[in-house]
Each structure stands twice: as structure tokens, then as C-alpha cells.
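Everything below concerns the one structure shown next.
The values are calculated or read from the model by the stated rules, or taken from the named source; none is laboratory data. Note that the structure is a prediction, hence the values are computed from the model and not measured. Please note: Cβ atoms are built from the backbone with ideal geometry, for glycine as well, and neighbour counts cover all protein chains shown. Note: accessible area is taken over every heavy atom of the protein model, side chains too, but ligands, DNA and RNA are not part of it. Shrake-Rupley method; radii C 1.70, N 1.55, O 1.52, S 1.80 Å.
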Amino acid sequence: LPKLDAKRSLVPVSGKTFVPADTRSLRAAWDASQKQSAEDYLIDWHLIGPFPARPNGCDGLSLETGVESKLGRGGAVDLEAPFKVAGATLRWQPALANRRGYVDLGKLLGKVEWAVAYAYAEVDSVHARDAILRCGSDDGIKIWVNGRVVHHHEVGRAYRPDSDSVPVRLEAGRNRILVKVDNYHGGWGFGVAIGKPMF
């Protein structure tokens, strides 16, 4: 094969030639793309959990708790409301995602198995618009936007950013995002991104 720093690269099988890749511009484009993706991730959350799920059930997202039954109009959540679970009182607590948008539930709520937790965030939009919601989770994830379920993926997996994507409709003003994550074994967590408006 010809050297990569030659004026043109040759693909031996086809006989075609190509201008060598500009690695600096490729890297710059990649970095810009990763930066934009990270900026789309929601950072400020409130968490509550863990709520026990059925051992070996792999169906924690189907377990309805008081958090869901007390959802207000338009998906409003009362962050002052406590929940009694197995003799303990669970309360909403503020939490921050890391710089890549990941919320480590094992670190924030404890290393538990066969459990579910909820996260709540609000997103403001200048006007009503369509957007793409991207998420990753460990394990399954269910998402409400303004009180409507927009995504439900019961799955056993490790976290990977942008594993799932779904189109959503944001309203003008405040939009309420509720996330439910379940855990089978090991670590658990999630990340949610909403694309910025394109002008």
C-alpha cells in the first residue's frame, strides 16, 4: 500500500485514488460533534428511590408506585411529597449529571438490585417545537414528557449514551420530564438529552 502521507491514497482493488484524509479537520469535526451532544444532556435532576421491584422479574418498569399515581396535570411532580416504602421514608433529592450527562444512581441512591428509581427535570422552550430525545440506561428506562409516556424500553444492559432516541413534542414554556429506571444487577444509571432547536 502507498504511504498515508502521499499526495493521494490508492485503493488497490478498485484502482481509484482519493485525497488523503485531513486528520486535523476530522478530529475537529468529531470534537465539535461530541461537545454539541454533551451540551444536549440534561444536568439538573431530582431523584427518588429506590423502590423495591420483583426479584428476578426483569419487569420493574411495569411496577406502578405512588410517584406515578400522584403525577399532576401536565406531568407536574410534587418534590415535597414523601413516600413510605418498607418502613422507610423516601424523599426527592437534588442531583447533578456528570459532564457527559450520566446520572449514577448506584452512587446517589445506593447499590441495590431489583429496584426502581425516578428522576425529574424541567426543560424550558421558547416556543412549541418537535425535538429528538436521546437516552441511555442501565437497565431499563421509561420516560414521560408533560405527563405522557413517550418511551418505554425494558431491557437489561450497560449504560451507553444515546442508545435510544424518540421524537417528542415540547410545549412553549416549561416542559416536565419524568424518568423511571430499573435495575436488575450491578450498577445502574441513565442519561437523557434533548436536541437544541435548529434555527
Are any of the residues in the range 169-191 more than 16 Å from A53 (Cβ to Cβ), crowded, with 21+ Cβ neighbours inside 10 Å, without any contact (Cβ under 8 Å) to a residue 60 or more places away in the chain and more than 12 Å from the chain's Cα centre (by Cα)? yes
Tally time: how many residues in the range 146-164 are open to solvent by 20 Å² or more (accessible area, probe 1.4 Å) and either in contact with a His (Cβ under 9 Å, 6 or more places away or on another chain) or part of a loop (DSSP other than H, G, I, E, B) (or both)? 12
For residues in the range 75-115 being touching a helix residue (DSSP H, G or I) at 6+ places or on another chain (Cβ under 8 Å) and of a type in the set (K, R), which is least open to solvent (accessible area, probe 1.4 Å)? R100
Assess whether Y118 counts as being open to solvent by less than 40 Å² (accessible area, probe 1.4 Å) and at pLDDT 95 or above. yes
Is it the case that some residue within the range 92-103 is free of Cβ contacts under 8 Å to residues at least 40 places away in the same chain and under 30 Å from G173 (Cβ atoms)? yes
Would you pick out the residues in the range 115-134 that are within 16 Å of L96 (Cα to Cα) and touching a Phe, Trp or Tyr at 6+ places or on another chain (Cβ under 9 Å)? A117, Y118, A119, Y120, A121
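Every residue, every condition in (1) closer than 15 Å to I177 by Cα; (2) hydrophobic (A, V, I, L, M, F, W, C); (3) touching a helix residue (DSSP H, G or I) at 6+ places or on another chain (Cβ under 9 Å), yes or no:
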residue: C58; (1), (2), (3): no, yes, no
residue: R73; (1), (2), (3): yes, no, no
residue: S137; (1), (2), (3): no, no, no
residue: V145; (1), (2), (3): yes, yes, yes
Test of understanding: among I143, I132, which residue is outside any loop (DSSP other than H, G, I, E, B), buried (at least 20 other Cβ atoms within 10 Å of the Cβ) and among the hydrophobic types (A, V, I, L, M, F, W, C)? I143
